[in-house]
Amino acid sequence: MMHHHFMLHKPDGYLSQFVYQLKRKKKLLGELYGFPAGTMAIGRLDEDSEGLLLLTTDGKVSDYICSSKVEKEYYAQVDGLITPEAVAQLQAGVEIGFEGKKYQTKPCAAFILTTIPSFGARAKKIRDERHGPTSWVSITLTEGKFRQVRKMTSAVGFPTLRLVRVRIGHLKLGDLAAGQARAVPEFNL
């Protein structure tokens, strides 16, 4: 069987799935592109998050990419001007809540972004500068607990306002516009 693989820039407001069983109307990935039958998202980005999402028809590839062997890099716009001390805490690992228990995140790469990324406007505006300054931080993880980056930045006193995944392994979001997908022959991670 020949498998298909895709890179997608998931916009905010979409679920990382193709089927939704509950009654509320939700925006799903299938509305963005003509993906072949059997396509699945590799991992997830929550409804309010955006950025690089890989899709495949090969479950083995999905398992590998979701493993701790593959880095995932996120850019988080946070409330306030994040401090070097807060970044050091992120790098060392912080305590967050996960499945009703306390969880210590693994050490990770993190640094303050000195240039504001240009991702374009969101469908739903974050807020404006009247409510105080914001800043951007890069966080690279090899784990992916539920809403982990958001919980990590909150744990160090800088809640996430906008979250964009920019890299999975060696694959980068690059200039892929929100809502665009591109077929790739295979994932070289």
Legend entry - Estimated 222 nm signal from helices in the chain, with DSSP H stretches of n ≥ 4 weighted -39500 (n - 2.57), rounded to 500: -3500 deg cm²/dmol
Inset, instruction - Return one quarter of the surface area of the convex hull spanned by the alpha-carbon atoms of region 1-144, equal to its mean projected area, in nm². - result: 11.1 nm²
Legend entry - Accessible carbon and sulfur surface of region 45-176 relative to its total accessible area, %, 1.4 Å: 53 percent
Inset, instruction - Might you tell me the accessible area per residue for region 100-189, computed with a 1.4 Å probe and given in Å²? - result: 58 Å²
Inset, instruction - Provide the solvent-accessible area of Met40, counting protein heavy atoms only and rolling a 1.4 Å probe, rounded to the nearest 10 Å². - result: 70 Å²
Inset, instruction - Calculate I(q)/I(0) for region 33-109 by the Debye formula, one identical point scatterer on each C-alpha and no solvent, and give its log10 at q = 0.25 Å⁻¹ to two decimals. - result: -1.32
Inset, instruction - Loop only per DSSP, at most 14 neighbouring Cβ atoms within 10 Å: give me the GluC sites (Glu not before Pro) in region 93-156, ordered by residue number. - result: Glu99, Glu143
Legend entry - Charge context of Met152, other residues only, Cβ under 10 angstrom, K/R +1, D/E -1: +3
Legend entry - Arg44 accessible area, 1.4 Å probe, all protein chains in place, Å² to nearest 10: 150 Å²
Legend entry - Neighbour cut-off at most 11 other Cβ (10 Å), DSSP loop, chymotrypsin sites (Phe, Trp or Tyr not before Pro), region 64-116: none
Legend entry - Cα gyration tensor shape of region 126-189, rounded if a/c is under 1.5, else prolate or oblate by comparing a/b with b/c: oblate
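The values are calculated or read from the model by the stated rules, or taken from the named source; none is laboratory data. Quick caveat, the model's predicted, so the values are computed rather than measured. When we count neighbours, we look across all protein chains shown, and the Cβ atoms used for this are built from the backbone with ideal geometry, even at glycine. To get the accessible areas, we keep the full protein, side chains included, count just its heavy atoms, and leave off ligands, DNA and RNA. Shrake-Rupley method; radii C 1.70, N 1.55, O 1.52, S 1.80 Å.
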